[in-house]
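K.L.:
Have a look at this one before I ask anything.
The numbers here are math on the coordinates, done by the rules we state, and not lab data. Not measured: the values here are computed from a predicted model. Glycine also receives a Cβ, built like all others from the backbone with ideal geometry; neighbour counts cover every protein chain displayed.
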Amino acid sequence: MKLHPAWLAPVVAALFLGAVFAGRAWELPTMQQRFSDTPGRTENVDLIVDGLRCRGTSAFLVKRLEGLPGIVTLETYVQEHRAAIGYDPGQISLERIQAVIEEPVLLNDGRRVQAFTVTEIRE
């Protein structure tokens, strides 16, 4: 079967639009990190984080959480400003995770600014 050239543009446009709508319906994580395979109990929490805007801020959030004992996984979804965190409640509390995320950052000029604010917790 041979496609007529007049059909090529509408077919490509339909495929493109389908991909755009599918991408909005099923967002893939901006960042996905596994820190450890803990044998303990793992709980999951979704945090809505003001300041989570792009791949760079996602990488910065990974850096903030990667050294904490008890953090098992982290996925960020920047379109929703959401961080999905898997953690071991026997090693770290949700309050400690939030405190680390919201801890002010020291800038080169000596000022301290809060890069992230947790605005909602979805357990």
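K.L.:
Work out from phi, with θ = phi - 60° and the Karplus expression 6.51 cos²θ - 1.76 cosθ + 1.60, the ³J(HN,Hα) of each residue of the stretch 80-92, listed in order in whole Hz, and give x for Gly and Pro.
P.N.:
Ordered by residue, 3J(HN,Hα) equals 9, 6, 10, 10, 9, 10, x, 9, 9, x, x, 10, 8 Hz.
K.L.:
Taking only C-alpha pairs under 8 Å that are 6+ residues apart, what is the relative contact order of the chain in percent?
P.N.:
That works out to 28 percent.
K.L.:
Additional query: For Arg122 and Asp37, what is the calculated FRET efficiency with R₀ set at 30 Å and r taken between the beta-carbons, to the nearest 0.05?
P.N.:
Computed FRET efficiency for Arg122 and Asp37 comes out at 0.80.
K.L.:
If you don't mind, another one. Sequence-distant or interchain residues sharing an amide H contact under 5 Å with Arg53, placed H: which?
P.N.:
Ser58
K.L.:
Could you give the angle, 0 to 90 degrees to the nearest 10, between helix 55-65's Cα long axis and the longest principal axis of the Cα atoms of the chain?
P.N.:
With both axes taken from Cα atoms, the answer is about 30 degrees.
K.L.:
Please work out whether the stretch 28-122 counts as rounded, prolate or oblate from its C-alpha gyration tensor, where a ≥ b ≥ c are the square roots of the eigenvalues and a/c under 1.5 means rounded, while otherwise a/b larger than b/c means prolate and anything else oblate? Kindly include the intermediate steps, with their values, before the conclusion.
P.N.:
On the way: a/c = 1.76, a/b = 1.40, b/c = 1.25.
Prolate shape, in that a/c is at least 1.5 and a/b is the bigger ratio.
K.L.:
Which whole-Hz couplings ³J(HN,Hα) result when phi for each residue of the stretch 105-113 is put into the Karplus expression 6.51 cos²θ - 1.76 cosθ + 1.60, θ = phi - 60°, listed in order with x for Gly and Pro?
P.N.:
Values per residue, Gly and Pro as x: 10, 8, 8, 4, 8, x, 6, 10, 10 Hz.
K.L.:
Now for a separate question. Would you work out the charge dipole size for the chain about its Cα centre, treating the Cβ of every Lys and Arg as +1 and the Cβ of every Asp and Glu as -1, and quote it to the nearest 20 debye? Numbers along the way, then the final one.
P.N.:
Values: 13 positive and 15 negative charges, 107 e Å.
Using only the charged Cβ atoms, the result is roughly 520 debye.
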